[in-house]
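Below: one structure, written as structure tokens.
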Amino acid sequence: MILIKSAAILVRHLNQARTKVQTIGFVPTMGALHRGHISLLEAARRGNDLTVCSIFVNPTQFNDPKDFEKYPVTLEKDIEILEANGVDILFLPSVDEVYPRGTSNLQQYDLGFLETILEGYYRPGHFQGVCQVMHRLLDMVQPDDLYMGQKDYQQCMVIRKLIELTGMTARLHPCPTLREADGLAMSSRNMRLDESSRQKAVIISQVLQRVCAALQPGPLEPITSAAELALAENGFKTDYVAIAAADNLELLDEWDGKRPLVALAAAYLGEVRLIDNMFIPITNSH
Ligand code: AMP
């Protein structure tokens, strides 16, 4: 694996590589890698001749400075994981390499309603930051294929929109969420949970499973309210439990029994904010 810190060297190196390889796959991360990240790297390796991974904790997407300061960093272990998983290039830029003209007055993107709902509502500015860093990274890497996790469902939608807005050609591959044995969605932030919070954290996925099981055509509010109550009873401070159309994330109050859905939740355990989502399987009995 080659480790590159400079944007100019990365671009030069990839321009040379493109004369020899058919396709480049890209997996952007913020490090503190776990098996969820590894599943994206595996998908990139399966689908492409050359795999690029980036590790960059992007300051512009953190609306909460404490969350940024406390974001876990495990670089040595990350490098071992990337080597062991056959990654060709690790791009590890500094803030100055990504934002040579500073982090203020950066481009703003018209993300429509995606920016005003769910994560967009509770983390103002977050998706602008995500677009700023992804626009820059995609410009540098120019991947044929981009692999991102459905764990961050709304983020996948935002990146789809970014690709559309900018006319970039990367193909986005949303990849399934990997979970711990008890069902907790893997996340770098799970490292920040103490033992008792870690045990409780699984409840978020159990609550989403119950939402999926309770679904009937008709009003959805009783189902999401029951889920929010269950989280509150277990000591979570809930931002939202919501049900949305799986294809475009339109929030729904009522279900027609046909439209594919996704259930999403975000809640704090102490200072740690956890998010998760699940597709609602549509069976013939509905
Ligand atoms: P992050 O390092 O948290 O920015 O995540 C980097 C990429 O890994 C994003 O596309 C995430 O959606 C994805 N990811 C994070 N957690 C998981 C997971 N449990 N399963 C699959 N992909 C994940």
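The values are calculated or read from the model by the stated rules, or taken from the named source; none is laboratory data. As the structure is a prediction and not an experimental result, all values here were calculated from the model. Note: ideal-geometry Cβ built from the backbone for every residue, glycine included; neighbour counts use all protein chains shown. Ligands, DNA and RNA are stripped out before the accessible areas are found, and what is left, the full protein with its side chains, is counted by its heavy atoms. Shrake-Rupley method; radii C 1.70, N 1.55, O 1.52, S 1.80 Å.
Considering each residue of the stretch 270-281, count those that are closer than 18 Å to Leu220 by Cα and either surrounded by 15 or more Cβ atoms within 10 Å (Cβ to Cβ) or touching a strand residue (DSSP E or B) at 6+ places or on another chain (Cβ under 6 Å) (or both), and give that number. Counting residues in the stretch 270-281 that are closer than 18 Å to Leu220 by Cα and either surrounded by 15 or more Cβ atoms within 10 Å (Cβ to Cβ) or touching a strand residue (DSSP E or B) at 6+ places or on another chain (Cβ under 6 Å) (or both) gives 4.
Figure legend. Inter-residue proximity from the stretch 4-21: first residues closer than 13 Å to Asp139 by Cβ, second residues open to solvent by 50 Å² or more (accessible area, probe 1.4 Å) and not small (Gly, Ala, Ser), beta-carbon distance below 7 Å, spacing 6+ or different chains. Indicated pairs: Ala7/Glu97; Leu14/Gln142.
Quickly run through the stretch 38-51 and pick out the residues that are in contact with a helix residue (DSSP H, G or I) (Cβ under 8 Å, 6 or more places away or on another chain) and within 11 Å of the ligand (Cβ to nearest atom). Passing the criteria: Ile38, Leu41. Where strands (runs of 3 or more DSSP E) fall wholly inside the stretch 12-124, the ranges with 2 or more residues that are in contact with an Asp or Glu (Cβ under 8 Å, 6 or more places away or on another chain) are 24-29, 50-55.
I'd like the residue in the stretch 25-37 that is open to solvent by less than 30 Å² (accessible area, probe 1.4 Å) and more than 13 Å from Ile81 (Cβ to Cβ) and, out of all such residues, is nearest to the ligand (Cβ to nearest atom). Checking each candidate, the answer is Pro28.
Determine whether the stretch 128-136 contains at least one residue that is open to solvent by 30 Å² or more (accessible area, probe 1.4 Å), more than 30 Å from Ala246 (Cα to Cα) and free of Cβ contacts under 8 Å to residues at least 40 places away in the same chain. Scanning the stretch 128-136, I find no residue that is open to solvent by 30 Å² or more (accessible area, probe 1.4 Å), more than 30 Å from Ala246 (Cα to Cα) and free of Cβ contacts under 8 Å to residues at least 40 places away in the same chain, so the answer is no. For the stretch 64-81, the criterion of being free of Cβ contacts under 8 Å to residues at least 40 places away in the same chain, touching a Pro at 6+ places or on another chain (Cβ under 8 Å) and exposed (fewer than 15 other Cβ atoms within 10 Å of the Cβ) is met by at least one residue. Taking helices (runs of 4 or more DSSP H) as the structural unit, those lying wholly within the stretch 195-269 and holding at least 2 residues that are open to solvent by less than 20 Å² (accessible area, probe 1.4 Å) correspond to 203-214, 221-233. Filtering Gln155, Gln142, Gln150 for residues that are near the ligand (Cβ under 10 Å from one of its atoms) and in contact (Cβ under 8 Å) with a residue 40 or more places away in the chain leaves a single hit, Gln150.
The single residue among Val207, Val202 that is among the hydrophobic types (A, V, I, L, M, F, W, C) and more than 20 Å from the chain's Cα centre (by Cα) turns out to be Val207.
Quick grid of which residues meet (1) among the small types (Gly, Ala, Ser); (2) away from the ligand (no atom under 13 Å from the Cβ); (3) free of Cβ contacts under 8 Å to residues at least 24 places away in the same chain:
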{"residue": "Ser94", "(1), (2), (3)": "yes, yes, no"}
{"residue": "Gly120", "(1), (2), (3)": "yes, yes, no"}
{"residue": "Arg123", "(1), (2), (3)": "no, yes, no"}
{"residue": "Ile159", "(1), (2), (3)": "no, no, no"}
{"residue": "Glu164", "(1), (2), (3)": "no, yes, yes"}
{"residue": "Thr177", "(1), (2), (3)": "no, no, no"}
{"residue": "Leu193", "(1), (2), (3)": "no, yes, no"}
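Counting residues in the stretch 97-104 that are within 15 Å of the ligand (Cβ to nearest atom) and either modelled with pLDDT of 95 or more or at negative phi (or both) gives one or more.
When the residues of the stretch 2-24 are filtered to those that are surrounded by 12 or more Cβ atoms within 10 Å (Cβ to Cβ) and charged (D, E, K, R), the one that is nearest to Ser94 (Cα to Cα) is Lys5.
Of the candidates Asp182, Asp96, Asp152, the single residue that is open to solvent by 10 Å² or more (accessible area, probe 1.4 Å) and within 21 Å of Ala7 (Cα to Cα) is Asp96.
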